[in-house]
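Presented below is the structure to which this report refers.
The values are calculated or read from the model by the stated rules, or taken from the named source; none is laboratory data. The structure displayed is predicted, hence computed values, not measured ones. Cβ placement follows ideal geometry from the backbone for every residue including glycine, while neighbour counts extend to all protein chains displayed. With ligands, DNA and RNA removed, areas are computed over all heavy atoms of the protein, side chains included. Shrake-Rupley method; radii C 1.70, N 1.55, O 1.52, S 1.80 Å.
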Protein chains: 4
Amino acid sequence: MSQKTEVAVIGAGRMGQIHGPNAARHPDLSVRYVVETDPVLVQKLAAQLGATIATLEDALGDPAIKGVVIASSTDMHLEHSLACVGAGKVVLCEKPIDLDLAKARAAAPKFEGARFVLGFNRRFDPHVSALRQKIAAGVIGDLETLTLINHDPAAPPPAFIPRSGGLFKDFTIHDLDLAYAILGEAPSEIFATASCLVDPMIAELGDVDTARIILRTKSNKLCVISNTRRSGYGYDQRVEAYGSKGMAATANERIDTVEVWSEAGAHASPIRPNFLNRYMPSYAAEMDHFADVMVRGVKPQVGYAEGLAALAWAEACAESARTNAVVRL
Amino acid sequence: MSQKTEVAVIGAGRMGQIHGPNAARHPDLSVRYVVETDPVLVQKLAAQLGATIATLEDALGDPAIKGVVIASSTDMHLEHSLACVGAGKVVLCEKPIDLDLAKARAAAPKFEGARFVLGFNRRFDPHVSALRQKIAAGVIGDLETLTLINHDPAAPPPAFIPRSGGLFKDFTIHDLDLAYAILGEAPSEIFATASCLVDPMIAELGDVDTARIILRTKSNKLCVISNTRRSGYGYDQRVEAYGSKGMAATANERIDTVEVWSEAGAHASPIRPNFLNRYMPSYAAEMDHFADVMVRGVKPQVGYAEGLAALAWAEACAESARTNAVVRL
Amino acid sequence: MSQKTEVAVIGAGRMGQIHGPNAARHPDLSVRYVVETDPVLVQKLAAQLGATIATLEDALGDPAIKGVVIASSTDMHLEHSLACVGAGKVVLCEKPIDLDLAKARAAAPKFEGARFVLGFNRRFDPHVSALRQKIAAGVIGDLETLTLINHDPAAPPPAFIPRSGGLFKDFTIHDLDLAYAILGEAPSEIFATASCLVDPMIAELGDVDTARIILRTKSNKLCVISNTRRSGYGYDQRVEAYGSKGMAATANERIDTVEVWSEAGAHASPIRPNFLNRYMPSYAAEMDHFADVMVRGVKPQVGYAEGLAALAWAEACAESARTNAVVRL
Amino acid sequence: MSQKTEVAVIGAGRMGQIHGPNAARHPDLSVRYVVETDPVLVQKLAAQLGATIATLEDALGDPAIKGVVIASSTDMHLEHSLACVGAGKVVLCEKPIDLDLAKARAAAPKFEGARFVLGFNRRFDPHVSALRQKIAAGVIGDLETLTLINHDPAAPPPAFIPRSGGLFKDFTIHDLDLAYAILGEAPSEIFATASCLVDPMIAELGDVDTARIILRTKSNKLCVISNTRRSGYGYDQRVEAYGSKGMAATANERIDTVEVWSEAGAHASPIRPNFLNRYMPSYAAEMDHFADVMVRGVKPQVGYAEGLAALAWAEACAESARTNAVVRL
């Protein structure tokens, strides 16, 4: 329909298969193009969305395209973002902006003034949003300390580790951004310590799988981040915010509400097992925000600057873990 | 796409606005027609679904149409169902089949052999399904007693009462069908007692707003149904199944998982406030079932016979409440 | 110490072994005598409490004795109560006052003006007290309906059944009194229905093991009582009070707060398994009340009249279950 | 009674008023003496326990006295312990053994072979014990990481701070011992960071009120400790143990089980507000253990060596916080 805003989707892999249908389903958006080098993936996603297969050049050259959703592989995020921003498109780009901090810093000036939304999806999670609203409403008084629990259900395949950027840039980066969003303040000091407890192969590949991190802000707020690659009990995603008058926390959702009572006790159903079934509503809310930025002129809640900051903090985590010392920022 | 099964939707009111988009969104279905007498409603829904406005005759006369979703007003359910079944269509019809038991009984022979799904949506609720699977797996031993809690958040407008069929046919009928589905046995005796505690207007209109009902089956299983038109705390939908080895229950979902701890205690967010946000997944699962019946030859889980039985039990409830005596079936 | 009030304990069986130590431990009370016909039991309890073994006559004849705790067998409750009241003692008597309603009614005039506390212990349960305070404070608006869940963990030994008075007089009587206490109104109609689902032996002995009861008060409040002799999951003791503005409920306590999360879900520890570990605080609070009645002139919260009323309602339950009809009171 | 074991209690202040009655109530123990310099406190406690007021010399000189409970002020713990151990008594001593690590180390040889129980009460908490049993039973696989949350409800009076030894020696010391008990391994590295967020007076007195600490053991297990002097929501005492197959946690107990549902959500009653009503069962279990050590020859679960170790770790926390660096042990 003519009043819908036309967008292109770059990438038809795991994240493209999330964002593509979300865009197609959105009442304000219409997906005109899918851009992807893999012929099987692009065929499938384009068919599913009723969209046309296109090259990046063609997609960006079409003036009807107002926005682009970038869901390509991590190493292409920055190049694709630069191309889209250069073509004057509004962008929703998956995190991270890049794994190379120097490269990302060098590119920063080109994003000034761009309408660029970075896909830190947890900011858009309805439970996190409700928590932040309550904190803003003062229900816990002044926010003083924060605990973020981010535990993956099971370790990724070994092949993923070398190109992941390591635990901190790949995984902790979500918590670093979320801590910043909730605390409203950047960390001034970071201490990170990590172990390899899950799988010795991860250590052999030079990475870690279990970490505890403490952030201190300029106003002496403290934040603890708890990370593991394998929880053994599902995808544990919790936020605990402590203030001068109390505490506010999000809990894990369960796959159903059934509880069974027996002589052995009470048994509740498992928590949502992975990011796909846990965070689908957050990806939909993220797409709503992208549409608002494009259609209603809303200011991006999280953009290139935040992606750059989180990447720098992730590097500081890695440095702290390596040197076993506090890193000052 | 050519491999999708074409359906028509009758009714563009409250339930049509639920079922229509669910059908349109379904990967196996395509909505070709919307049938509705109200010109504004039909225009809006047809546009939203990308469907054509049609008369009942035209829709039923089109051989491409394999199935019909009936979401018309209650007084038209039976007439529309007869027309669709007569035209050889597969039907998904909103509950109840009719408010007049004699009329519904008389029509029953015409539904023999028909592929007719009745929209008792709670059977398709994921939490209820999970509960039933656990019971079937024997986690509570032999099922012995059942408690169904079905409390509406707030009383309906007075205008709704006279054409509703009364609390038992309009509201309790869901619980009567669900009790039957879970117990796997029809009630042999019913005792119902009711009060008007919510709004004296409801009593003036000859109805009640608060009821407690006990069903006894032939094998002496007992079931308690708790109904109210106004809970004051949201839409309370719980099932408690008691067996020889334990208990299994569903709980209410909350609008978010946030909990706030203060000196006053712990505060959790409200439960889902009404049937729309509580039962959307059940309507989607119901549509899945309808598609399976049409496309894969699956046998309807709940059809005309079940609708007739539940209607008869609802009448028995009304009789029991009126006579203050047990009704034997 | 001289300022303690001296009491006697009648009965050194199961309930005497609860009340005796509670009295001995109480800062205001001192147990001077234990009265019991069983020589082993009396020896043991007297030694434990540092008390003297005495006959009923001697105990009642001692003017230093201000109060008597009656924990004898049910068939002696009334006789012992009459003797104690006749001797001018303040009495705490275990429930029920008797199993024979006519006999209990005939004795009623002799209890007028007596300071007689009947041991309906659930009125003294801290969770129930907290619930009643919240209801009284108006947190749920006007109380409209009530649900009492009272499920025993496992059926009593067959030998207990014939002398128990049956499910309603032995077990349901607690709920009948509690419903009255919470509703603040006596039932005007009772419907009870019962099954024997737990153990056929119970049916052979003329009793039932599973019951559902609906009480209606004069102001049309409704109360559902759920009873079973065997839950399969511990001692289930819950109260749900529904009002015009919301709901207040008590939950079961667990034996510890440990929760285990695994791939299979979340597992919480069992609820308290039986009345002894569930209701110890209620027996202690009951003893506090008895001391207050004796020492501080407080009016008994629950006495002979309430015991008589609950017994009559228990008989009405039995009659309703037998006749399968509503009993009007 | 002659078969009870006679003990003395030193100290009639806050902790003496807990331990004294616990000893007096214990079936195996009898309190013969109370030793205390404050004439009012000693009079009151001795009268309450039915014990005799004595000097330390007289109490230790009485060969009938087998054990001593030391509940004197912190600065007397070591001197009193040495005197009791020197006199051949079995000792239950309140934590900490001393605030001066060098002094405590110097005294250590005198405790070799002594039957000395140190009052780290949380080891005896029934919920913690249940958790440890489940971990030992393998329900979470190999224990890998631990989180201890220890939040006081409200800051102590300023006068308490200077003689407390500071947050780490006074408060965190409990967590350090508990971490050791649960992990079964001493920390090899400690990082502590602290802020003064609750009350600037605490900073003026040279202390902190909010801390986050990470312990690493030799086998690379990680433990996070969360401390605050003022939660604003009661006494938050939680343990979360993460393993290779899942997680086990204790939760806070509430003052009652009542939950109220309204349009605003669900409200649960507050958690236990302070250590007295939270940890009474742990002090009773600690007394049971002391009696077992004295009467049944059971080996102390936690003694001088553990007290010394925890004190050293508390100093390491203080050093880490001061230097903002990891302390290796």
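Observations
- C:Thr37 of a type in the set (Ser, Thr, Tyr), out of contact with any helix residue (DSSP H, G or I) (no Cβ under 6 Å at 6 or more places or on another chain) and under 21 Å from C:Val302 (Cβ atoms): no
- For D:Cys223, the criteria (1) touching a Lys or Arg at 6+ places or on another chain (Cβ under 7 Å); (2) crowded, with 24+ Cβ neighbours inside 10 Å hold in every case but one, which is (1).
- Scope the range B:185-204; condition in contact (Cβ under 8 Å) with a residue 12 or more places away in the chain and either among the small types (Gly, Ala, Ser) or open to solvent by 30 Å² or more (accessible area, probe 1.4 Å) (or both); matching residues: B:Glu185, B:Ala186, B:Ser188, B:Glu189, B:Ala192, B:Ala194, B:Ser195, B:Cys196, B:Leu197, B:Val198, B:Asp199, B:Met201
- Just one of the listed residues (A:Lys103, A:Lys134) is of a type in the set (Lys, Arg) and either within 14 Å of chain D (Cβ to nearest Cβ) or open to solvent by less than 50 Å² (accessible area, probe 1.4 Å) (or both), namely A:Lys134.
- Residues (over 22 Å from C:Asp170 (Cβ atoms), open to solvent by 10 Å² or more (accessible area, probe 1.4 Å) and either assigned to a helix (DSSP H, G or I) or within 14 Å of another protein chain (Cβ to nearest Cβ) (or both)) located in the range C:112-131: C:Pro126, C:His127, C:Ser129, C:Ala130
- Taking the range D:227-329 and the strands (runs of 3 or more DSSP E) fully enclosed by it, the elements with 1 or more residues that are in contact with a strand residue (DSSP E or B) (Cβ under 8 Å, 6 or more places away or on another chain) and within 26 Å of D:Gly16 (Cα to Cα) are at D:236-243.
- Test result for D:Ile97, within 27 Å of D:Asp236 (Cβ to Cβ) and at pLDDT 95 or above: yes
- Some residue of the range C:296-309 being within 11 Å of another protein chain (Cβ to nearest Cβ) and more than 16 Å from C:His174 (Cβ to Cβ): no
- Any hit, the range B:134-157, residues being assigned to a helix (DSSP H, G or I) and β-branched (Val, Ile, Thr): yes
- Set A:Glu79, A:Glu94: member being charged (D, E, K, R) and over 27 Å from A:Gln3 (Cα atoms): A:Glu79
- On the stretch given as the range C:264-287, residues that are among the charged types (D, E, K, R) and either closer than 18 Å to C:Phe171 by Cβ or within 7 Å of chain D (Cβ to nearest Cβ) (or both) total 2.
- Scanning the range A:36-60 for residues that are farther than 27 Å from A:Asn274 by Cα and buried (at least 18 other Cβ atoms within 10 Å of the Cβ) turns up A:Ala51, A:Ala54, A:Leu56, A:Ala59, A:Leu60.
- Candidate set: the range A:207-226, residues that are assigned to a strand (DSSP E or B) and among the hydroxyl-bearing types (Ser, Thr, Tyr); chosen: the one nearest to A:Leu143 (Cα to Cα): A:Thr217
- Test: residue in the range D:205-213 that is open to solvent by less than 10 Å² (accessible area, probe 1.4 Å), within 8 Å of another protein chain (Cβ to nearest Cβ) and free of Cβ contacts under 8 Å to residues at least 60 places away in the same chain: yes
- Flag for D:Glu259 being open to solvent by 50 Å² or more (accessible area, probe 1.4 Å) and either more than 9 Å from chain C (Cβ to nearest Cβ) or out of contact with any helix residue (DSSP H, G or I) (no Cβ under 9 Å at 6 or more places or on another chain) (or both): yes
- Any pair with Cβ under 9 angstrom, 6 or more apart, that starts in the range C:91-115 at a residue that is among the aromatic types (Phe, Trp, Tyr) and ends at one that is surrounded by fewer than 17 Cβ atoms within 10 Å (Cβ to Cβ): C:Phe111/C:Leu82; C:Phe111/C:Ala305
- Subset tally (residues that are at the interface with chain D (Cβ under 7 Å from one of its Cβ atoms) and open to solvent by less than 10 Å² (accessible area, probe 1.4 Å)) for the range C:235-249: 3
- The numbered conditions (1) open to solvent by 10 Å² or more (accessible area, probe 1.4 Å); (2) within 20 Å of C:Arg278 (Cα to Cα) are all true for C:Ile173 except (1).
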